[in-house]
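The values are calculated or read from the model by the stated rules, or taken from the named source; none is laboratory data. Treat the numbers as computed from the prediction; the structure is a model and nothing was measured. Every residue, glycine as well, gets a Cβ built from its backbone with ideal geometry; the counts of neighbours run over all protein chains shown. Only protein heavy atoms, including side chains, enter the accessible area calculation; ligands, DNA and RNA are left aside. Shrake-Rupley method; radii C 1.70, N 1.55, O 1.52, S 1.80 Å.
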Amino acid sequence: MRFNSLCVLGLGYIGLPTASTFATHGLQVIGVDVDRRVVDVLRNGEIHIQEPGLRTLVQAAFRSGKLSVEEAPSPADAFIIAVPTPITKDKRADLTYVQAAAESIHPVLRAGNLVVLESTSPPRTTVDLVRPILEQSGLRAGQDFFLAYSPERVLPGKILHELIENARVIGGIDEASACAGRDLYSAFVRGDILLTDATTAEMVKLMENTYRDVNIAIANEFSRLGQSFGVDIWQAIAMANLHPRVKILRPGPGVGGHCISVDPWFLVEAAPEISALIRQARLVNDGQPAVVVDLVRSALGPLEGKRIAALGLSYKADVDDLRESPALEVVEQLVHAGGVVVTWEPFVPDHQVPGSTPAASLEQALQDAEAVLLLVDHTQFKEIEPAWAADHTPARTIIDTRGVWSRSAWGEAGFRVITLGVGLQDA
Ligand code: SAJ
C-alpha cells in the first residue's frame, strides 16, 4: 500500500519527531495537538520540548512544505495516535486522551484508511477501546479500514536516531492491517519490522519497560543491602557483571520518566493476582527517594535548617523531562523534613519545587550550601572538577546518588564523600 498523507495526533516527545520524520520522508503530514499553545509555538518556528536534533528536524519538515500543524484532524490516508496515557493516583491507566483522539478521528475516517495506536496502553486497548470508537463511523475495522498497534521504543535523548534505526513491532487486528502498518513505517524505519497481532504488540511494549523496571529495582535493592553490609555496591556490581550472563543495572534515586515508572502498573492493574513481582519492583523503585533522604540524614544529622544544594531535577541525565522524576520527590521530602534546599536544573532552570529555591546557575546553587546532593548524572555535573567545586562552595560534604563522582578525587579536594550504596563505609 502507498500512503501519501498522514495525520499524527499528539505532538509530544513521540508525535512531533514522528510527524516531522514522516514529513521529511515525503509524506504530507498534518500534526494535530489539542493544546493551542503547542500549536502556536510550533507555528512560530519554535519547539516546546528539548531533544537533541529535534529543532533542526522540525524546521526542515516545515521548510519542505510537508508539515502543517492543526488543532483537529482532517481526512488523510493514515492516522497515528501518539497521545499520553498517564496514570491516575490509584495507579490505573488514564485512557481519556486515547479515547478523545479516537473520537476525533472517526468523523474524518474514510474507507481504505489505516489507524495506528502508538501510545503505551494496557493489553487489549486497541481491540476493546479504539476499535469500537472508530467503528462509530459506520466503517468496519478489518473490512473497511486497517487498524494496528505499534509501540514507540525510542530512548529520550536519542529519539531521532532510534526512531529510524530501532526494530519496530507492528500488531494488526488482522494480517492486512499489520501489512498496511509495515507499508507506512517502511517510509523511514531502517530497523527490522516485525509483524504480529495488536494485543501481542501491546504486551511487547509493556514487557520491555517492566523488564527494565524490575532490573533497576534489584539494583536498588542491592544498593540497600550494600549500605547495610558496608559493601561498595558499585564495585560489587562491576565484578558481578564480569559474569557472562549477569548484567546488573545502576542503582539511583529511583525510576522516573513517563514510561518505566508507569507502564508496569498497566499490567498490575489488568491482572493484580498474577503480577506480584512487577508490583513489588515498582514499590522498591518508588521507595528510593526515601532511601536517599535517609542517606542525607545519616550524613548531616537532623535536616531542619540544613542548607542543601540539590543538583538535577530531571528524571535522568541530559534531558529536560521532569515527569515522575525521583529527584523532585527527594527535594520534596527534604523540604518536608525542614531542609533549606536550593536546586539547580540546567535543562529547566526556572522550575521550582514548592518550598525550595531554584538557583540561576551552578555557582549560585553551591555558594551557601552545607552539603551538595547529586541527583541527576547530567554531563555538566559529571565534569565538575572537585578543586573548582572546593573554591565555589563552603560545603565539605557531597552525596552522590548516581555513583559518578570519583570518591578519591573529591576526597583529595577535601570533601567527605557519601555515595548511595556505600553508606556505612563513608558515613
Ligand atoms: N535508571 C536507573 N538505573 C539504570 C537505568 C535507568 O536508575 O541503570 C533510571 C533513570 O535514571 C530513569 C529511569 O530509570 O529515572 C528510566 O530511564 P531509562 O533510560 O531506563 O528509560 P526511559 O524511561 O528514558 O526510556 C524507556 C526505554 N525503555 C527501555 O529501555 C526498555 C525506551 O526504549 C522506551 O522507548 C521508553 O522507556 C518509552 O517511551 O517507553
> In the range 404-422, what residues are open to solvent by less than 30 Å² (accessible area, probe 1.4 Å), in contact (Cβ under 8 Å) with a residue 60 or more places away in the chain and not polar (S, T, N, Q)?
Replying inline: Ile418, Leu420, Gly421, Val422
> Which members of the range 172-185 meet the condition of being of a type outside the set (A, V, I, L, M, F, W, C) and surrounded by fewer than 18 Cβ atoms within 10 Å (Cβ to Cβ)?
Replying inline: Asp174, Glu175, Asp183
> Out of (1) open to solvent by 10 Å² or more (accessible area, probe 1.4 Å); (2) touching a helix residue (DSSP H, G or I) at 6+ places or on another chain (Cβ under 7 Å), the odd one out for Ile399 is which?
Replying inline: (1)
> When the range 215-232 is examined, which residues are found to be open to solvent by less than 40 Å² (accessible area, probe 1.4 Å) and more than 9 Å from the ligand (Cβ to nearest atom)?
Replying inline: Ala217, Ser223, Gly226, Gln227, Gly230, Asp232
> What helices (runs of 4 or more DSSP H), lying completely within the range 199-311, carry at least 3 residues that are more than 30 Å from Arg124 (Cβ to Cβ)?
Replying inline: 233-240, 288-300
> What number of residues within the range 233-263 satisfy the criterion of being more than 12 Å from the ligand (Cβ to nearest atom) and out of contact with any Ser or Thr (no Cβ under 8 Å at 6 or more places or on another chain)?
Replying inline: 10
>> Can you tell me which of (1) at pLDDT 95 or above; (2) more than 11 Å from the ligand (Cβ to nearest atom); (3) open to solvent by 10 Å² or more (accessible area, probe 1.4 Å) is the one Leu313 doesn't meet?
In response: (3)
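Select from the range 117-174 the residues that are among the acidic types (Asp, Glu), within 16 Å of the ligand (Cβ to nearest atom) and in contact (Cβ under 8 Å) with a residue 12 or more places away in the chain and list them in ascending order.
Selection gives Glu118, Glu152, Glu165.
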> If we keep just the residues of the range 186-198 that are touching a residue at least 24 places away in the same chain (Cβ under 8 Å), away from the ligand (no atom under 16 Å from the Cβ) and not in a helix (DSSP H, G or I), which is surrounded by the fewest Cβ atoms within 10 Å (Cβ to Cβ)?
Replying inline: Arg190
